[in-house]
Amino acid sequence: MKPQEFKILQTARLDLKPLVATFDFANHLFDVISNNLEFFKYMPWLDIKNAEQEFDFLRSAEKAWKNQTKATYGLHLRETGNFIGVCTMFNIDWDDEVGEIGYWLDPQYAKHGFMSEAVDGVANEFFNRGFHRIIIKANPENIASCKTAEKCGFEREGIMRSCSFNAGLKAREDIAMYAKIR
């Protein structure tokens, strides 16, 4: 399959739009992450040391969006426009029609079904584009992330034991593998 241009998505309560690299937004993201380190302990890729690094992440997300190599969606409440988190389709393989979804949510918006709504929206968009398989990986102790995968119809395929080092946990971690097939 040929790469296809990503587009803005809408769900019942959310607008999913590409992230925009501005210093104000980078500062906001850095504040959300740095003020909630315990909440994000299962997400070592969020190990951002300052707003400048966050700005670099935003610039790389913009570039990947344009190149159709990674679709990083900012989640915005449709009612207020407030930014509440990120849902990304990455490890995209257009030839094999597979990809991986990762996500995080500002803790103040947790437990309202927003992430399940976003994951469903992104997965459905890519299945409609012809993707065959989408995966989600999560630390099995990250109950919220595992529940999101299961709520969205992803089946747990197994545990990859001691497969990576998580700097936030200062330990090797297991990863649960979830997948959904079109």
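See the values below:
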| item | result |
| --- | --- |
| Residue ID - surrounded by the fewest Cβ atoms within 10 Å (Cβ to Cβ), chosen from residues in region 98-123 that are charged (D, E, K, R) and under 23 Å from Asp31 (Cα atoms) | Lys111 |
| Every residue from region 151-182 that is touching a helix residue (DSSP H, G or I) at 6+ places or on another chain (Cβ under 7 Å) and either loosely packed, with under 12 Cβ neighbours inside 10 Å or assigned to a loop (DSSP other than H, G, I, E, B) (or both) | Cys152, Ala167, Gly168, Arg182 |
| Within region 146-182, considering residues that are of a type in the set (Ser, Thr, Tyr) and at pLDDT below 95, the one nearest to Gly102 (Cα to Cα) | Ser164 |
| Residue within region 74-87 that is exposed (fewer than 13 other Cβ atoms within 10 Å of the Cβ) and of a type in the set (S, T, N, Q) present | yes |
| Single condition Thr148 does not satisfy, out of (1) closer than 15 Å to Leu9 by Cβ; (2) surrounded by 14 or more Cβ atoms within 10 Å (Cβ to Cβ) | (1) |
| Given (1) exposed (fewer than 14 other Cβ atoms within 10 Å of the Cβ); (2) in contact with a strand residue (DSSP E or B) (Cβ under 7 Å, 6 or more places away or on another chain); (3) not in a strand (DSSP E or B), number of the condition Phe126 does not satisfy | (1) |
| Selection from region 89-120 of residues that are more than 15 Å from the chain's Cα centre (by Cα) and under 15 Å from Gln4 (Cα atoms) | Asp93, Trp94, Asp95, Asp96, Glu97, Val98 |
| Residues (farther than 17 Å from Asp31 by Cβ and either in a loop (DSSP other than H, G, I, E, B) or among the hydrophobic types (A, V, I, L, M, F, W, C) (or both)) located in region 48-74 | Ala61, Ala64, Trp65, Gln68, Thr69, Lys70, Ala71 |
| Of all residues in region 96-108 being at pLDDT 95 or above and either assigned to a loop (DSSP other than H, G, I, E, B) or in contact with a His (Cβ under 9 Å, 6 or more places away or on another chain) (or both), the one that is nearest to Cys146 (Cα to Cα) | Val98 |
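Okay, residues lined up against (1) over 26 Å from Gly168 (Cβ atoms); (2) within 15 Å of the chain's Cα centre (by Cα):
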residue: Glu5; (1), (2): yes, no
residue: Val32; (1), (2): no, no
residue: Asn36; (1), (2): no, no
residue: Leu58; (1), (2): no, yes
residue: Ala61; (1), (2): no, yes
residue: Lys70; (1), (2): no, yes
residue: Phe83; (1), (2): no, yes
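So that you can scan it fast, the table gives a plain yes or no per residue for (1) touching a helix residue (DSSP H, G or I) at 6+ places or on another chain (Cβ under 6 Å); (2) at pLDDT 80 or above:
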position	(1), (2)
Glu5	no, yes
Lys17	no, yes
Ala26	yes, yes
Leu29	yes, yes
Phe39	yes, no
Met43	no, no
Asp47	no, no
Asn50	no, yes
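The values are calculated or read from the model by the stated rules, or taken from the named source; none is laboratory data. Everything quoted here is computed from the prediction, not taken from an experiment. Glycine gets a Cβ as well: all are built from the backbone with ideal geometry, and neighbour counts include every protein chain shown.
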